[in-house]
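Worksheet: one structure, shown below.
The values are calculated or read from the model by the stated rules, or taken from the named source; none is laboratory data. Note that the coordinates shown come from a computational prediction; the quantities given were computed from them, not determined experimentally. Note that we place each Cβ from the backbone using ideal geometry, even for glycine, and neighbour counts take in every protein chain shown.
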């Protein structure tokens with residue numbers, strides 16, 4: 001189906017490994033959009049009975065087919081998984097610049113699974129994708145963290161940052177995901 005990059009980054013935090021995956025064109029037509037494709041991935045590949053904070057519950061960040069186009073309102077992307085607040089499927093959407101930049105990097109989405117033994121963050125710079133040590137960033141609020149990472153990673157472009165901040169670090173069940181200090185995914189505690 002047009003509009004997709006046919007590449008989803010899968011990050012196994014427990015093993016510190018990354019791979020790419022995708023869903024079939026038929027599934028993209030049947031479950032169109034970031035929420036639909038995320039739900040399909042979740043139902044096909046993950047344990048429905050897993051507790052929200054277990055390593056078996058993924059966090060899925062996904063774009064739809066028109067994210068990053070010139071149509072109005074196409075900067076939105078979705079974050080999905082089993083909600084720590086409700087214990088059932090949770091999703092929240094966000095505008096801003098992260099979704100289009102992820103699409104420009106050649107990816108439709110990112111699946112985070114497992115639990116890292118130490119704090120890490122995912123860095124995507126051109127074709128270089130890696131997990132980096134996050135221990136010096138732990139405890140920073142979203143605004144300080146965003147400024148710090150923008151300064152650290154700035155090259156020719158301003159980097160785009162998603163962060164969970166102190167609420168997510170401290171397991172607050174209604175934690176949000178912050179997108180570059182101005183946009184938030186605040187539904188269902190998906191930032192935890």
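Counting only strands (runs of 3 or more DSSP E) that sit wholly inside the stretch 2-96, those with at least 3 residues that are touching a residue at least 60 places away in the same chain (Cβ under 8 Å) and surrounded by 16 or more Cβ atoms within 10 Å (Cβ to Cβ) are 8-12, 77-82, 89-94. May I ask you to list the residues in the stretch 138-151 that are in a loop (DSSP other than H, G, I, E, B) and surrounded by 17 or more Cβ atoms within 10 Å (Cβ to Cβ)? Once the filter is applied, which keeps residues that are in a loop (DSSP other than H, G, I, E, B) and surrounded by 17 or more Cβ atoms within 10 Å (Cβ to Cβ), the stretch 138-151 yields only 140. On the basis of being without any contact (Cβ under 8 Å) to a residue 40 or more places away in the chain, closer than 23 Å to residue 92 by Cβ and surrounded by fewer than 16 Cβ atoms within 10 Å (Cβ to Cβ), does residue 126 make the cut? It is false that residue 126 is without any contact (Cβ under 8 Å) to a residue 40 or more places away in the chain, closer than 23 Å to residue 92 by Cβ and surrounded by fewer than 16 Cβ atoms within 10 Å (Cβ to Cβ). The residue that is modelled with the lowest pLDDT, counting only those in the stretch 122-137 that are under 20 Å from residue 7 (Cα atoms) and in a strand (DSSP E or B), is 125. Only a single criterion out of (1) farther than 24 Å from residue 17 by Cβ; (2) surrounded by fewer than 21 Cβ atoms within 10 Å (Cβ to Cβ); (3) touching a residue at least 24 places away in the same chain (Cβ under 8 Å) is not satisfied by residue 154, namely (3).
Screening 185, 164 for residues that are surrounded by 15 or more Cβ atoms within 10 Å (Cβ to Cβ) and either farther than 17 Å from residue 62 by Cα or without any contact (Cβ under 8 Å) to a residue 40 or more places away in the chain (or both) leaves exactly one candidate, 164. For the stretch 103-123: of the residues being touching a residue at least 24 places away in the same chain (Cβ under 8 Å), within 19 Å of residue 76 (Cβ to Cβ) and touching a strand residue (DSSP E or B) at 6+ places or on another chain (Cβ under 9 Å), which is surrounded by the most Cβ atoms within 10 Å (Cβ to Cβ)? Residue satisfying both the conditions and the ranking: 109. The residues in the stretch 170-180 that are closer than 19 Å to residue 147 by Cα and either surrounded by fewer than 16 Cβ atoms within 10 Å (Cβ to Cβ) or under 13 Å from the mean Cα position of the chain (by Cα) (or both) can be counted, and the count is 4.
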